[in-house]
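Enquirer: Have a look at this one before I ask anything.
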Amino acid sequence: MKIGILTSGGDCPGLNAVIRGIVLKGTTSYDLEFVGIRDGWRGVVEGDFVPLTRHEVKGLSKVGGTILGTSRTNPYEGDRGGAENIAKTLFGHRIDGIVAIGGEGTLAAADRLSKDGIKVVGVPKTIDNDLRATDYSFGFDTAVNIATEAMDRLRTTGDSHQRCMVAEVMGRHVGWIALHAGMAAGAHAILIPENPMSLDEITALVQSAHDRGRAPLVVVSEGFKLKGMEEAFSDKGLDAFNRPRLGGISEILAPEIERITGIETRSTVLGHIQRGGSPSAFDRVLATRLGLHAADAIVDEAWGEMVALRGTDIVRVPFSDALGELNTVPQYRYDEAAALFG
Ligand code: F6P
C-alpha cells in the first residue's frame, strides 16, 4: 500500500516526530510505501508529492517545524479541489490513502473527505490543547515550557524595576497554555477565555501582589475577554478558515492596569516563539507513539479514524470526536490555580 503523509494548519513541535514514527513502523513492520505531501492540503489538490523513505526521516524526532511544509489550504476550494478531483490525483500517483496530521480545521476537512470516499487516517495536532478527542496534544508541552521560561525571564526584569509584567500567550479560545505556564511561573493573575474578568478584578490582584512587595506577573491568553466584551480581541483580519486572527489583548490591558494602579506596566506578546524550535521530550514521545499507532491504523484500514491519547494509552476515535465542542479549561482547574493569585 502507498500512503501520502501531510501536515496542515499551524505548525507545531513534534510534527516531524510523528512523520518519523509512521514511516519507521510502516516500512519496517508492514512494508508500506510512503510519499510526503507538500504544504498540507495544497499538495493533495495540486499533486505535489516528494519521496519519503527511512532515509528522509532519520534523526527527525528532535527537529521542530515540519519537513513537509504546511498551509491552511481548504481542499474543497479551487479548480482542482473537491473529493472527486482529489481521488483522481491520488489514483494517478498510485496513492491509496492519506495520513493527515493537523488540528480542528484539518480534521474537519479530513472528516468531510473521508465521508466523500477518500481514505484518511488522522493524527491530532495543536499547541492549544483544544481538541476534545485527546487528553493532550503534542506541541502543548513544548509551548508551555517555552512560555514558562519566557515568564521566568520577565520576572527577573520585572523584579528589578518593580514593574507589572503582562505576558500574552497563544491558545485561541482555550486557556490551557496560560493556565499551565502561569501556574509554573507563579503568576499573580492568569486570564483565560473561559473566565472573563473585569479590570477591577484584575487590578485588585495586581495591587495585592505589589503591596506585598512583589513585581506582579499577569499571564493572559490571546482569547481572553474582559467582562462585557462579546468577542476576543482581534485586529489582524481572518485566516483561511474565516476565523479571526487573535493576539494583542495584553497591549490593551497593560496601559489600563498602569492607569488604574499607577504601577508601571509592560506587555510582551510571546507569539510564534511558542511554536518554534525543538519539541520537549514529552512531546517527542507522544508524537512518536501517535505516529507508530497511525501506521497500525493504516494496516487495519481504520479510515475515517484518528489516533488519540486517553490516559496513557493511544486509542482510535472517529474524526467527529475532535470536532465541534472545544476542550476548554474546566472550572475546577481554574479555581485550583486562582487560589495562588494576588
Ligand atoms: O492554533 C495554533 C495557533 O498557534 C494559535 O494558538 C494561534 O492563535 C494561531 O495558531 C496563530 O496562527 P498563525 O500562525 O496562522 O498566525
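Coordinate-derived values only; no laboratory data. A quick note: this is a predicted structure, and the numbers were derived from the prediction, not measured. So basically every Cβ, Gly included, is an ideal-geometry build from the backbone, and we count neighbours across all protein chains shown.
Enquirer: Holding the Cα-Cα limit at 28 Å, pick out from Lys125/Lys225; Lys62/Lys236; Lys88/Lys115; Lys25/Lys119 the pairs that are longer than that. Mind dumping the intermediate values first?
Expert: On the way: Lys125/Lys225 25 Å; Lys62/Lys236 32 Å; Lys88/Lys115 16 Å; Lys25/Lys119 19 Å.
Table pairs above 28 Å Cα-Cα are Lys62/Lys236.
Enquirer: Taking the inverse of the average 1/r across all pairs of different Cα atoms in region 141-275, what Kirkwood radius in Å do you get?
Expert: On the way: mean 1/r = 0.0683 Å⁻¹.
Here the Kirkwood hydrodynamic radius works out to 14.6 Å.
Enquirer: What is the spin-label model distance, in nm, from Lys236 to Ala184 if the labels are put 7 Å beyond Cα along the C-beta direction?
Expert: 2.2
Enquirer: In region 129-171, if every C-alpha pair distance is counted and binned at 10 Å from zero, what percent goes to each bin?
Expert: 26, 38, 23, 11, 1
Enquirer: Additional query: Using the 10 angstrom Cβ neighbour count as an exposure proxy, how do Ile260, Ile177, Ile314, Ile86 rank, fewest first? Please report the intermediate quantities before stating the final value.
Expert: Details: Ile260 16, Ile177 28, Ile314 19, Ile86 22.
Exposure proxy ranking, most exposed first: Ile260, Ile314, Ile86, Ile177.
Enquirer: For each of Arg54, Arg163, count neighbouring Cβ atoms within 10 Å of the residue's Cβ, then give the residues from fewest to most. Could the numbers behind the result be given before it?
Expert: Numbers: Arg54 13, Arg163 20.
Lowest to highest Cβ neighbour count: Arg54, Arg163.
Enquirer: Taking the convex hull of the alpha carbon atoms in the chain, what volume per residue do you get, in Å³?
Expert: Once divided by residue count, the hull of the chain is 121 Å³.
Enquirer: For the chain, with only Lys/Arg (+1) and Asp/Glu (-1) charged at the beta-carbon, what is the dipole magnitude about the Cα centre, in debye rounded to 20? Each step should come with its number before you reach the end.
Expert: Values: 36 positive and 45 negative charges, 164 e Å.
Here the size comes out at about 780 debye.
Enquirer: Continuing with this model, one more query. Given Cα pairs under 8 Å that are at least 6 residues apart, what percent is the relative contact order of region 141-275? Write down the numbers at each step before the final one.
Expert: Working: 272 pairs, mean separation 43.1, N = 135.
In percent, rounded to a whole number, it is 32.
Enquirer: Restricting to DSSP H runs of at least four residues, report the calculated mean residue ellipticity at 222 nm for the chain, -39500 (n - 2.57) per run over all residues, nearest 500 deg cm²/dmol. Could the numbers behind the result be given before it?
Expert: Details: 10 runs with 127 residues, N = 342.
Roughly -11500 deg cm²/dmol at 222 nm, from the helical runs in the chain.
Enquirer: Mind checking the dipole of region 141-275: about its Cα centre, +1 per Lys or Arg Cβ, -1 per Asp or Glu Cβ, Debye to the nearest 20? Can you show the working numbers first?
Expert: Values: 14 positive and 18 negative charges, 36 e Å.
Computed about the Cα centre, the dipole is about 180 debye.
Enquirer: Report the gain in length on full extension from Ser278 to Ser198: 0.36 nm times residue separation, minus Cα-Cα distance, nm rounded to one decimal. Intermediate values should be presented prior to the final figure.
Expert: Values: separation 80, 0.36 × 80 = 28.80 nm, distance 3.72 nm.
Length gained, Ser278 through Ser198: 25.1 nm.
Enquirer: Mean separation of Cα pairs under 8 Å and 6+ residues apart, divided by the residue count of the chain: what relative contact order is that in percent? It would help to have the intermediate numbers written out before the result.
Expert: Numbers: 795 pairs, mean separation 79.1, N = 342.
Reported relative contact order: 23 percent.
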